[in-house]
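Have a look at the structure below, then the notes.
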Amino acid sequence: MPFLLAAAATPPPLVCTIETVESRWTPRKIAGVRMLKGQTFKVTRTPEITLTPRYVVDSRITSLAEETEPPIGSVENERLRYSWNYVAPLGPVAPPPTVGNANRKASISVEGQLLIQPNRRFELANLSSVTAEGSTTALTTLRDSASGTCREQR
């Protein structure tokens, strides 16, 4: 009797919820930035790894995103890794008050990484840097570290 290999079953999507967040601003906080705690995202694991929202955290700037490279997802040793990079234009911003400083166009660059463990716990790191046009020094930087759990969506 011939032996047939069964196709691997498609794993159900994961719905993940951010439960804890630590945010560190350098040198100063920007008012009105999104709240991460309680946000959810969905992970589809086949045929490619895709996330909704695409950059895990959805905010006003993600609609302006210009990807520096497409998000990359992989699975190794039952751990799922997903990373992203993008830049978004912010328009004119006011620099810290000093003599002769005028508003300049700025952009925000965002780098993030998500790691989901086999037990469905995850760690998220997101680094956002706001830089004025013509400068190499960030006006401000936000480092978000978050964690939470995922459950299968049936």
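The values are calculated or read from the model by the stated rules, or taken from the named source; none is laboratory data. Given the structure is predicted, the values throughout are model-derived calculations rather than measurements. Every residue, glycine as well, gets a Cβ built from its backbone with ideal geometry; the counts of neighbours run over all protein chains shown. All accessible areas refer to the heavy atoms of the entire protein, side chains included, with ligands and DNA or RNA removed. Shrake-Rupley method; radii C 1.70, N 1.55, O 1.52, S 1.80 Å.
Listing for the model above:
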| read-out | value |
| --- | --- |
| Among (1) open to solvent by 60 Å² or more (accessible area, probe 1.4 Å); (2) touching a Gly at 6+ places or on another chain (Cβ under 9 Å); (3) of a type in the set (A, V, I, L, M, F, W, C) - the single one Val75 does not satisfy | (2) |
| Extreme residue, most open to solvent (accessible area, probe 1.4 Å), among residues of region 137-146 that are farther than 21 Å from Thr44 by Cβ and not β-branched (Val, Ile, Thr) | Arg143 |
| Pair list, Cβ under 8 Å, 6 or more apart: region 95-119 residue assigned to a strand (DSSP E or B) and polar (S, T, N, Q), other residue open to solvent by 80 Å² or more (accessible area, probe 1.4 Å) and modelled with pLDDT of 95 or more | Gln113/Arg81 |
| Top-ranked residue in region 1-45 [being of a type in the set (Lys, Arg) and within 14 Å of the chain's Cα centre (by Cα); ranked as modelled with the highest pLDDT] | Lys42 |
| Residue within region 47-59 that is part of a loop (DSSP other than H, G, I, E, B), open to solvent by 40 Å² or more (accessible area, probe 1.4 Å) and on the phi > 0 side of the Ramachandran plot present | no |
| Qualifying positions in region 118-136 - polar (S, T, N, Q) and surrounded by 14 or more Cβ atoms within 10 Å (Cβ to Cβ) | Asn126, Ser128, Ser129, Thr131 |
| Thr149 vs. criteria within 24 Å of Val21 (Cα to Cα), modelled with pLDDT of 90 or more and surrounded by fewer than 18 Cβ atoms within 10 Å (Cβ to Cβ) | yes |
| Any hit, region 74-90, residues being modelled with pLDDT under 90 and within 21 Å of Arg28 (Cα to Cα) | yes |
